[in-house]
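The values are calculated or read from the model by the stated rules, or taken from the named source; none is laboratory data. Since we're looking at a predicted model, the values are computed, not measured. Virtual Cβ from ideal backbone geometry, glycine too; neighbours counted across all protein chains shown. With ligands, DNA and RNA removed, areas are computed over all heavy atoms of the protein, side chains included. Shrake-Rupley method; radii C 1.70, N 1.55, O 1.52, S 1.80 Å.
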Amino acid sequence: MRTLHTVAELRSALAQPRREGRRVGLVPTMGAFHDGHRSLMRRARDECGLVVVSLFVNPAQFNEQSDLDTYPRDERRDAMIAAEENVDLLFAPTAAEMYPQGFATTVHVGGVASGLEGTQRGPGHFDGVATIVTKLFTIVAPDVAYFGQKDAQQVSVVRQLVRDLNLPLEIVACPTVRESDGLAMSSRNALLDPSERQRAVALYGALNAAQELVSGGERSATTILAAAAAALAQASLDPDYLALVDPSTFAAVSSVDGPTLALVAARVGSVRLIDNQLLV
Ligand code: PAF
């Protein structure tokens, strides 16, 4: 595996594999790798002739300076993990490389980007995600890019921008990888202290409470959300949001009559976690 720090180095490393017609897979990440990232890399390795992983903690998508400052970073460990997963190229640029002096362009996605994370983290969050992802897509020009379903709204935002800008690549969403007690894997889990770690599993509990009611025939969003909120309250968690949405539009539903995505975001201590589950 080669680690590259500049756009020029990466483009030159991609030229030959592309001439050979190898299928290029991109896994965009912010590092602090866990088994969720490994699952994206493995899927890319299975399906592509060349696997590129980007590692960049993107300042533009953080609405809180303290969140950016405390975001876990360990490039050496990440490079070892990517090498273990047989990644070909690790692209780890600096902020100055991605946002050089005079940078003045923002990619703004409407519709699916507007509520939930878009509201809680501010409009700048998905603008930051859309802008960096568009840059990575144009730098790497992958045939396929892999994202985690844990960030369900992000996946929808990326799909929307790929569709709207006619970008010639496929987006693959990979299933959320969970700890043995159900907590969704996240780089932020490393910031939880032991008692917060115990309480954090309540996000998964809330989604399960919603699923149990739906499995029992309940259709009312109000009733389902009340049960999910009660599961969070048992762990003294007050959600930023708990929502039932149509997965294609991210519009709230009042009744679970078709495919419905349950989403939750909550702060456990100072660590903000999100999770979601398709209710079946
Ligand atoms: O999901 C992430 O880690 C980030 O939002 C992404 C897609 C790498 C963009 O910075």
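Starting from the Cα-Cα distance between A95 and S180, subtract it from 0.36 nm times their residue separation and give me the gain in nm to one decimal.
Taking 0.36 nm per residue and subtracting the Cα distance, the gain is 27.0 nm.
Rounded to the nearest 10 Å², what accessible area does S254 have for a 1.4 Å probe in the complete protein model?
Surface accessible to solvent at S254 totals approximately 100 Å².
Based on the Cα atoms of the range 213-264, what semi-axes does the equivalent ellipsoid have, where each is the square root of 5 times one gyration tensor eigenvalue, given in whole Å with the largest first?
For the range 213-264, the ellipsoid semi-axes come out as 19, 14, 7 Å.
Suppose the chain between Q120 and R76 were pulled fully straight at 0.36 nm per residue; how much longer would it get relative to their current alpha carbon spacing? Walk me through the intermediate numbers first.
Details: separation 44, 0.36 × 44 = 15.84 nm, distance 3.24 nm.
Stretched fully, the Q120-R76 segment lengthens by 12.6 nm.
Calculate the spin-label point distance for S66 paired with A8, positioning each point 7 Å from the Cα along the beta-carbon direction, and give it in nanometres.
Using points 7 Å along Cα→Cβ, the separation is 4.1 nm.
Suppose R0 equals 30 Å; then what is the FRET efficiency for D257 and Q198 from their Cβ-Cβ distance, rounded to the nearest 0.05?
0.25
Charges on Cβ only, +1 for Lys and Arg, -1 for Asp and Glu, centred on the Cα centroid of the chain; of L232, A82, G182, which one is farthest towards the dipole's positive end?
Checking the options against the dipole of the chain, the answer is A82.
Before rounding to the nearest 500, sum -39500 (n - 2.57) across all DSSP H runs of length at least 4 in the chain and divide by the residue total; then give [θ] at 222 nm in deg cm²/dmol.
-12500 deg cm²/dmol, from helical runs alone.
Explain nothing, just the number: relative contact order of the chain, from Cα pairs under 8 Å at least 6 residues apart, as a whole percent.
Normalised by residue count, the contact order of the chain is 17 percent.
Could you size up the charge dipole of the chain around its Cα centre, putting +1 on the beta carbon of Lys and Arg and -1 on that of Asp and Glu, and report it in debye to the nearest 20?
580
Calculate what fraction, in whole %, of the accessible area of the chain sits on carbon and sulfur atoms when a 1.4 Å probe is rolled over the protein chains. Don't skip to the answer; put the middle values down first.
Working: 6360 of 12540 Å².
The C+S portion of the solvent-accessible surface of the chain is 51 percent.
Output the Kirkwood hydrodynamic radius of the chain, Cα pairs only, in Å rounded to one decimal.
After inverting the pairwise mean of 1/r, the radius is 19.6 Å.
Taking the highest mean first, how do the peptides 68-74, 141-147 order by number of other beta carbon atoms within 10 angstrom per residue?
The most tightly packed comes first, giving 141-147, 68-74.
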